[in-house]
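Notes to accompany the following structure.
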Amino acid sequence: MAKASRRKLFKFGAAAGGALVAASARAATAATAPAGPLSDPWGHSLGAGVDDRPYGQPSKYEKDAIRRYVPWLAQSPQADASFTPLQDQPGIITANGFFFERYHAGRVSVNPAEWRLMIMGLVEKPLLLTLDDLKRFPSVSRTHFLECPANGATEWPAAQLNSLQYTHGLIACAEWTGVKLSTLLKEVGLKPNGKWLLAEGGDGSHLTRSVPIEKALDDCIVAWGQNGEALRPEQGYPVRLIVPGWQGNQMVKWLRRLEIGTDPWYTHEETASYTELLPNGKALGFTWVAEAKSVISFPCPEKPLTGGPGNYEIRGFAWTGRGKIKAVDVSFDGGVNYSRAALQEPVLDKCMTRFTIPWHWDGKPALIQSRAVDETGYVQPTIAEARAIMGTAPVYLNNSIQTWQVLADGSVNNVQLG
Amino acid sequence: MSSSAKIWASIIVSGLMLGTTAHAAEPGSYGVGATPTSDQIAQWSIAIKPDGSNLPPGSGTVSQGADIYGNECAACHGTFGEGAAAYPKLAGGVGTLKTQKLKTVGSFWPYAPILYDYINRAMPFYAPRSLTSNQVYAISAYILNLNNIVPDDFVANAKTLAAVKMPNRDGFIFKDPRPLTHDVECMSHCADAKALVITSDASKAGITPKTTGPVDNMQGSSAK
């Protein structure tokens, strides 16, 4: 009986389809009519069915919210980076399709059936794991940010790119699921002189980074899950290393090998690249931790104030590789005075934290900034302070305060103050 | 069983469980995965250390390297390591690290064996791991010779590469000195409002790719 009436209802729905299409056409002719329940075409038509989009995709009205890149930054799209559209990220989780890319030899497609993880070197019992093997070990899920140390590189010499995405989009944050590296290292058994770990990728770059054993045993994850699905190919499918709070290139993608040794390997990625030349000509290496940083994501050059003077909510993100964010302060006058913003829960370890603060905009030009303070008491510096130490043209480690200039028409520009 | 006997029994059981846990920490006790053979380990083990350990047998000369480099590397890196388009320069730059910061193998890289390691694992860009050990040795010899670090008759092998002292060998600090700033959380009158000037404005730079519409590859743009 219940089944029969359900069938009836479905039949009714199908019969009514024609009438609804007519109603929608009527609504469409009233394009100039004010929005509301009488004129909305979506309320006068039948939507798409469950057979329409088996995976799913954003609204067609969100086409601007995509990863973008700066064509003049690198020699080849396969050795380049794209940027997260932070201006379109509402909460602390970066959608997998938004998550910035950084390739050294392009995005490769690894067949999980042929993937293996070799764990070798100064261990009692070397191990060769399939993906199914790896997934049999006890697992964890943790939410951590991942930032490229070159995030903000273009802004060292001057305010150059008029965009939140291009100035700050080499960061993203995800929930990672995998096996703690310490679990695997216990299974292979570290020899007493095993003090360093080498992580090696399986793509054409075979990128390698050394990790001190203390960090390897602390909170690193050999991850296969990202935000509710398998790790994306862009992020190293099927498995990448997560080294919470440390620079992104430590988190080796398409992970294929872990070797234990007595000393660092001083690989290409920790000598020839990912080191920073200081004004005295010496290069800083092993600058692993991402220092505290924050940025206002609304308003920003991509998201101006469109409604004229009045009330707005200022929103942004803060993060630190040294633990948790303790506070974020916002200035509306170029850093003369600051007010405490509210931190949105959850405030997690080595994770993006969202902050908000209400603002009554009087319609006059303003210089807005955010400044992060982490649980160690470290305060995010100004660009002038950072430049005084690092020089005028470094590449990496720019964690300085961002200034957005709000103009009287509500548009927003990236500026630097002196 | 009396209640105290129950308590003792539970303590003994927990003791046994602790014993089990301790046993679980023994290597291999989880029992998942295969033990690789020594041949498998050798095949996977491509990482070379700065002291040259794990460099494979084989050798290559500067002149052999010039030929192979011409075919495999010159299109991107230039015949003499001068670089093509925006691809990395491999030679020159000695003495520029304080100012122009031209980072090449000769001016910047601290260890010759890592040159072998990197070519072997990542080059050529379009066909990584397609070179033989002898070819990698030869290319390494040629690049070092381009930088005047080794003579024309240099033969690269496990022993000679390890013995090369690179010019910037001592140019690195591997102890992170950060944090480099130690600000306090100032809340008011933190700067002189009258002295604030805008020193740069990205809206005037004209080098930002579009932030709406399809991805902007800046083709035909005058920006660099």
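Of these, B:133, B:140, B:200, which one is closer than 30 Å to residue A:71 by Cα and either of a type in the set (Gly, Ala, Ser) or in contact with a His (Cβ under 9 Å, 6 or more places away or on another chain) (or both)? If you could, list the steps in order and put the result at the bottom.
Details: B:133 fails: closer than 30 Å to residue A:71 by Cα; B:140 fails: closer than 30 Å to residue A:71 by Cα.
Testing whether each residue is closer than 30 Å to residue A:71 by Cα and either of a type in the set (Gly, Ala, Ser) or in contact with a His (Cβ under 9 Å, 6 or more places away or on another chain) (or both) leaves just B:200.
Which one of these does residue A:408 not meet: (1) at the interface with chain B (Cβ under 8 Å from one of its Cβ atoms); (2) over 16 Å from residue A:164 (Cβ atoms); (3) of a type in the set (A, V, I, L, M)?
The single condition residue A:408 does not satisfy is (1).
Kindly evaluate residue B:134 against the criterion of being more than 7 Å from chain A (Cβ to nearest Cβ), outside any loop (DSSP other than H, G, I, E, B), buried (at least 18 other Cβ atoms within 10 Å of the Cβ) and among the polar types (S, T, N, Q).
Values: more than 7 Å from chain A (Cβ to nearest Cβ): yes; outside any loop (DSSP other than H, G, I, E, B): yes; buried (at least 18 other Cβ atoms within 10 Å of the Cβ): yes; among the polar types (S, T, N, Q): yes.
When the stated conditions are applied, residue B:134 passes them.
So, residue B:148, is that one part of a helix (DSSP H, G or I) and more than 14 Å from chain A (Cβ to nearest Cβ) or not? Write out each step before concluding.
Values: part of a helix (DSSP H, G or I): no; more than 14 Å from chain A (Cβ to nearest Cβ): yes.
No; evaluated as a whole, the condition is false for this residue.
Filter segment A:107-160 for residues that are in a loop (DSSP other than H, G, I, E, B), aliphatic (A, V, I, L, M), more than 9 Å from every other protein chain (Cβ to nearest Cβ) and more than 22 Å from the chain's Cα centre (by Cα) and give the result. Talk me through it step by step, then tell me what you get.
In the first step, residues of segment A:107-160 are kept if they are in a loop (DSSP other than H, G, I, E, B); the result is A:107-116, A:122, A:124-126, A:130, A:135-139, A:148-152, A:156-160.
With aliphatic (A, V, I, L, M) added as a condition, the list becomes A:108, A:110, A:113, A:122, A:150, A:158-159.
Of the ones still in play, those that are also more than 9 Å from every other protein chain (Cβ to nearest Cβ) are A:108, A:110, A:113, A:122, A:150.
A:110, A:113, A:122 - these are the residues of segment A:107-160 that are in a loop (DSSP other than H, G, I, E, B), aliphatic (A, V, I, L, M), more than 9 Å from every other protein chain (Cβ to nearest Cβ) and more than 22 Å from the chain's Cα centre (by Cα).
Kindly check whether there is at least one residue in segment B:65-84 that is more than 27 Å from residue A:395 (Cα to Cα), in contact with a Pro (Cβ under 6 Å, 6 or more places away or on another chain) and small (Gly, Ala, Ser).
Keep residues of segment B:65-84 that are more than 27 Å from residue A:395 (Cα to Cα), which gives B:65-72, B:79.
This time we only want the ones that are in contact with a Pro (Cβ under 6 Å, 6 or more places away or on another chain), so: B:72.
Remaining after also requiring small (Gly, Ala, Ser): none.
No.
Considering segment B:137-177 alone, what residues qualify as being under 18 Å from residue B:79 (Cβ atoms) and surrounded by fewer than 17 Cβ atoms within 10 Å (Cβ to Cβ)?
Passing the criteria: B:148, B:152.
Return a yes/no flag: does segment A:25-43 have any residue that is modelled with pLDDT of 75 or more, within 14 Å of another protein chain (Cβ to nearest Cβ) and either over 29 Å from residue A:344 (Cβ atoms) or assigned to a helix (DSSP H, G or I) (or both).
Checking segment A:25-43: not a single residue is modelled with pLDDT of 75 or more, within 14 Å of another protein chain (Cβ to nearest Cβ) and either over 29 Å from residue A:344 (Cβ atoms) or assigned to a helix (DSSP H, G or I) (or both).
Kindly indicate whether any position in segment A:208-217 is crowded, with 22+ Cβ neighbours inside 10 Å, part of a loop (DSSP other than H, G, I, E, B) and not polar (S, T, N, Q).
no
What strands (runs of 3 or more DSSP E) lie completely within segment A:267-366 and have 2 or more residues being more than 14 Å from chain B (Cβ to nearest Cβ), surrounded by fewer than 18 Cβ atoms within 10 Å (Cβ to Cβ) and touching a strand residue (DSSP E or B) at 6+ places or on another chain (Cβ under 8 Å)?
Working: elements: A:293-298, A:310-319, A:325-331, A:342-344, A:353-361.
Because the criterion is at least 2 residues that are more than 14 Å from chain B (Cβ to nearest Cβ), surrounded by fewer than 18 Cβ atoms within 10 Å (Cβ to Cβ) and touching a strand residue (DSSP E or B) at 6+ places or on another chain (Cβ under 8 Å), the strands (runs of 3 or more DSSP E) in segment A:267-366 that meet it are A:310-319, A:342-344, A:353-361.
Please go through segment B:110-144 and give me each residue that is in contact with a Phe, Trp or Tyr (Cβ under 9 Å, 6 or more places away or on another chain) and of a type in the set (A, V, I, L, M, F, W, C), ordered by number.
B:114, B:115, B:125, B:136, B:138, B:139, B:141, B:143, B:144
The conditions are (1) within 9 Å of another protein chain (Cβ to nearest Cβ); (2) under 19 Å from residue B:72 (Cβ atoms), and residue B:176 fails exactly one of them. Which is it?
(2)
Here are B:163, B:122: which of them is of a type in the set (A, V, I, L, M, F, W, C) and more than 29 Å from residue A:104 (Cβ to Cβ)? Full working, then the answer.
Values: B:122 fails: more than 29 Å from residue A:104 (Cβ to Cβ).
The unique qualifying residue is B:163.
Out of (1) within 12 Å of chain B (Cβ to nearest Cβ); (2) out of contact with any Ser or Thr (no Cβ under 6 Å at 6 or more places or on another chain); (3) under 25 Å from residue B:202 (Cβ atoms), the odd one out for residue A:373 is which?
Status for residue A:373: all satisfied but (3).
On the given criteria, is residue A:370 of a type outside the set (D, E, K, R), touching a helix residue (DSSP H, G or I) at 6+ places or on another chain (Cβ under 6 Å) and either buried (at least 21 other Cβ atoms within 10 Å of the Cβ) or in a strand (DSSP E or B) (or both)? Full working, then the answer.
Numbers: of a type outside the set (D, E, K, R): yes; touching a helix residue (DSSP H, G or I) at 6+ places or on another chain (Cβ under 6 Å): no; either buried (at least 21 other Cβ atoms within 10 Å of the Cβ) or in a strand (DSSP E or B) (or both): yes.
Spelling it out, it is not the case that residue A:370 is of a type outside the set (D, E, K, R), touching a helix residue (DSSP H, G or I) at 6+ places or on another chain (Cβ under 6 Å) and either buried (at least 21 other Cβ atoms within 10 Å of the Cβ) or in a strand (DSSP E or B) (or both).
Please work out which residue is farthest from the other protein chains (Cβ to nearest Cβ), limiting yourself to segment A:384-399 and to residues that are touching a strand residue (DSSP E or B) at 6+ places or on another chain (Cβ under 8 Å) and either crowded, with 23+ Cβ neighbours inside 10 Å or closer than 23 Å to residue A:245 by Cβ (or both).
Within segment A:384-399, the match that is farthest from the other protein chains (Cβ to nearest Cβ) is A:396.
Kindly establish whether residue A:89 is buried (at least 18 other Cβ atoms within 10 Å of the Cβ), of a type in the set (S, T, N, Q) and within 22 Å of the chain's Cα centre (by Cα). Break it down stepwise before answering.
Values: buried (at least 18 other Cβ atoms within 10 Å of the Cβ): yes; of a type in the set (S, T, N, Q): yes; within 22 Å of the chain's Cα centre (by Cα): yes.
Taking the combined requirement at face value, the residue satisfies it.
Just to be sure before I move on: is residue A:166 surrounded by 24 or more Cβ atoms within 10 Å (Cβ to Cβ) and more than 11 Å from the chain's Cα centre (by Cα) in the structure I sent?
On the way: surrounded by 24 or more Cβ atoms within 10 Å (Cβ to Cβ): yes; more than 11 Å from the chain's Cα centre (by Cα): yes.
Yes: the conditions hold for residue A:166.
From A:170, A:258, A:184, A:217, grab the single residue that is within 23 Å of residue B:49 (Cα to Cα) and either in contact (Cβ under 8 Å) with a residue 60 or more places away in the chain or not assigned by TED's automatic domain parsing to the domain that holds residue A:116 (or both). Reasoning before the result, please.
Details: A:170 fails: within 23 Å of residue B:49 (Cα to Cα); A:184 fails: within 23 Å of residue B:49 (Cα to Cα); A:217 fails: either in contact (Cβ under 8 Å) with a residue 60 or more places away in the chain or not assigned by TED's automatic domain parsing to the domain that holds residue A:116 (or both).
From the options A:170, A:258, A:184, A:217, the qualifying one is A:258.
Take the conditions in contact (Cβ under 8 Å) with a residue 24 or more places away in the chain and out of contact with any strand residue (DSSP E or B) (no Cβ under 6 Å at 6 or more places or on another chain) and apply them to residue B:100. Does it pass? Break it down into steps so the answer makes sense when it comes.
Working: in contact (Cβ under 8 Å) with a residue 24 or more places away in the chain: no; out of contact with any strand residue (DSSP E or B) (no Cβ under 6 Å at 6 or more places or on another chain): yes.
Considered against the rule, which asks whether it is in contact (Cβ under 8 Å) with a residue 24 or more places away in the chain and out of contact with any strand residue (DSSP E or B) (no Cβ under 6 Å at 6 or more places or on another chain), residue B:100 comes out as no.
Out of curiosity, is residue B:170 more than 32 Å from the chain's Cα centre (by Cα) and either of a type in the set (Gly, Ala, Ser) or more than 7 Å from every other protein chain (Cβ to nearest Cβ) (or both)? Spell out the reasoning first.
Values: more than 32 Å from the chain's Cα centre (by Cα): no; either of a type in the set (Gly, Ala, Ser) or more than 7 Å from every other protein chain (Cβ to nearest Cβ) (or both): yes.
Answer is no for this residue.
Inspect segment B:158-170 for any residue being modelled with pLDDT of 95 or more, charged (D, E, K, R) and in a helix (DSSP H, G or I) and give the result as yes or no.
Step one: list which residues in segment B:158-170 are modelled with pLDDT of 95 or more, which gives B:158-170.
This time we only want the ones that are charged (D, E, K, R), so: B:159, B:165, B:169-170.
Now drop any that are not in a helix (DSSP H, G or I), which leaves B:159.
Within segment B:158-170, one or more residues are modelled with pLDDT of 95 or more, charged (D, E, K, R) and in a helix (DSSP H, G or I).
Go through segment B:75-131 and report how many residues are among the hydrophobic types (A, V, I, L, M, F, W, C), in a loop (DSSP other than H, G, I, E, B) and facing chain A (nearest Cβ under 10 Å). I'd like the intermediate steps shown before the answer.
At the first step, the residues of segment B:75-131 found to be among the hydrophobic types (A, V, I, L, M, F, W, C) are B:75-76, B:80, B:84-86, B:90-91, B:94, B:97, B:102, B:105, B:108-109, B:112, B:114-115, B:119, B:122-123, B:125, B:127, B:131.
Retained after the next criterion (residues that are in a loop (DSSP other than H, G, I, E, B)): B:80, B:84-86, B:90-91, B:94, B:97, B:102, B:105, B:108-109, B:123, B:125, B:127, B:131.
This time we only want the ones that are facing chain A (nearest Cβ under 10 Å), so: B:84-86, B:97, B:105, B:108-109, B:123, B:125, B:127.
So the count comes out to 10.
State all residues of segment A:355-388 that are touching a residue at least 12 places away in the same chain (Cβ under 8 Å) and either outside the structural domain of residue A:298 (by TED's automatic domain parsing) or under 30 Å from residue B:98 (Cα atoms) (or both); if no residue qualifies, say none. Spell out the reasoning first.
Filtering segment A:355-388 down to residues touching a residue at least 12 places away in the same chain (Cβ under 8 Å) leaves A:355-387.
Residues satisfying the conditions are A:378, A:379, A:380, A:381, A:382, A:383, A:384, A:385, A:386, A:387.
Kindly indicate the residue of segment B:197-207 that is part of a loop (DSSP other than H, G, I, E, B) and surrounded by fewer than 16 Cβ atoms within 10 Å (Cβ to Cβ) and also farthest from the other protein chains (Cβ to nearest Cβ) among those meeting that condition.
Of all residues in segment B:197-207, those part of a loop (DSSP other than H, G, I, E, B) come to B:197, B:205-207.
So of that shortlist, the ones also surrounded by fewer than 16 Cβ atoms within 10 Å (Cβ to Cβ) come out as B:197, B:206.
Working: B:197: 5, B:206: 9 Å.
Here the answer is B:206.
Of all residues in segment B:110-132, which are in contact (Cβ under 8 Å) with a residue 24 or more places away in the chain and of a type in the set (S, T, N, Q)?
Scanning segment B:110-132 gives B:120, B:132.
The values are calculated or read from the model by the stated rules, or taken from the named source; none is laboratory data. The structure displayed is predicted, hence computed values, not measured ones. Reconstructed Cβ throughout: ideal geometry from the backbone, glycine too, with neighbour counts over all protein chains shown.
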